[in-house]
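Worksheet: one structure, shown below.
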Amino acid sequence: MIKIQKKHIKFIVPALLAIIFIVIAITFTLGSNDINKLSKISKEIISINSSLPNPKTNDNFDYDKTCDTLKKNLTSLNNINSTFQQMKFKKSSSEDIRSSLSNYINLNISLYNSALDILNNKNEDNFSDLYKQLIKYENDISQSTASLSDKGLNISFPNNANNFFHRINKYVNDIYKSNRENDITSSQKLDFSLYLDNVVSNFSKLKEDVQPALLKIREDNRNLSILLDDINNKKSDFNKIKNDSCSVSIPSGAQNSYEALEDMLNSYEVYINSLQKSVETEINEPTSTDIDSNYDDSFDKYKSFLSYFDSFENAINDYKNK
């Protein structure tokens, strides 16, 4: 056993204390150096996010400026990430917070990329997935910021950055809803336009002038029942068109053309009923003195119908050109 003389104790104790102090100092310096590196990176991230403009509620969304800002900050974040990955840390106890900060940087990069992706998206079918992804990264950033703060790192996601990304959310959501509404409106307009075109097509035979046929039947001394059968067929086809018009969906801006359709249908119904009555009178009362006047009235109603039909076609053209 080594015996230490009392006279040497006064030299050994201070030496041991000095060694312990040096070890503690070195340990503290290494730990402090790691913390300084981590704090420096966190401050740079905060600075980048703080540079995002704080939009006002009533401000118009500046698409070009927003994309430029996102790209500029994204470049800065990638540079920080590259620098951070090359950093060396002395203490193994720094690894946990270093790993968390690395994930945090990547989350910021993902958030910026996600915002650019949805702003540049041209395919509405992709909107839902891109929007969910953007919201997810925003939530992940919030949770990760709180977690890093709990570990003692001075980190925050500034309010103006939150407002900036929320403004992007509102903008893309409004655009999507507007596009969807426009698509629905366009689809309704197309469907209604096709319906109107079908009405015009179906009337190609219904609106023919039967007066030449009437005169030819008389000239050939044929039975007017031939003409009456034709009129009944026309009435049957007309009633189908009229019934369909009662159930058709009228899109916004189509009221004038629909009113023109109704006027045209009403005028045709008046005309065809009058013509039927005139023919029936001639068949059943061939000696009646009212036959010619009845036909005159019917053909006047026919001219009136043609006028309404022209107005109907003009209304269709006006509607299509809106």
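Computed from label points 7 Å out along Cα-Cβ, the spacing between LYS72 and ASN284 is 8.9 nm. Normalised radius of gyration (Cα atoms, divided by 2.2 N^0.38 Å) for the range 44-169: 1.12. Annotation: for a label point projected 7 angstrom from Cα along Cα→Cβ of SER99, residues of the range 125-155 with backbone N closer than 18 Å are 144-145, 147-153. Only one of the listed values, (1) 1.51; (2) 1.01; (3) 2.17, was derived from the coordinates as Cα Rg over 2.2 N^0.38 Å; which label is it? Step by step, Cα Rg over 2.2 N^0.38 Å for this structure corresponds to label (3).
Sequence-ordered 3J(HN,Hα) estimates for the range 98-108 from the Karplus curve with 6.51, -1.76 and 1.60 and θ = phi - 60° stand at 5, 5, 5, 5, 4, 4, 5, 4, 5, 5, 4 Hz, glycine and proline given as x.
On a per residue basis, the chain carries 61 Å² of accessible surface, using protein heavy atoms and a 1.4 Å probe. Taken one residue at a time, the phi angles of the range 232-245 give Karplus couplings (6.51, -1.76, 1.60, θ = phi - 60°) of 5, 5, 5, 5, 5, 5, 4, 4, 5, 5, 5, 5, 5, 5 Hz. Gly and Pro are set to x.
Sorting 60-67, 264-271, 130-137, 200-207 by average packing, meaning the other beta carbons within 10 Å per residue, from highest down gives 264-271, 130-137, 200-207, 60-67. A straight Cα-to-Cα reach below 17 Å connects LYS177 with the aspartates and glutamates GLU124, ASP125, ASP129, residues fewer than 8 places away in its own chain not being considered.
Residue-wise HN-Hα couplings along the range 277-282, as the Karplus relation 6.51 cos²θ - 1.76 cosθ + 1.60 with θ = phi - 60° gives them from phi, are 5, 5, 5, 5, 5, 5 Hz; Gly and Pro carry x.
Pairs spanning more than 20 Å between alpha-carbon atoms, out of LYS72/LYS132; LYS37/LYS151; LYS37/LYS136; LYS43/LYS88; LYS207/LYS234; LYS240/LYS322: LYS72/LYS132; LYS37/LYS136; LYS240/LYS322. Given a 1.4 angstrom probe, I'd like the percentage of the accessible area of the chain that is carbon and sulfur, rounded to a whole number. Ligands and nucleic acids excluded, carbon and sulfur give 49 percent.
The values are calculated or read from the model by the stated rules, or taken from the named source; none is laboratory data. Predicted model only: the values in this text are computed from it and were never measured. With ideal geometry, Cβ positions are generated from the backbone for all residues, glycine too; neighbour counts draw on all protein chains shown. The area values use the complete protein model at the heavy-atom level, side chains included, leaving out ligands, DNA and RNA. Shrake-Rupley method; radii C 1.70, N 1.55, O 1.52, S 1.80 Å.
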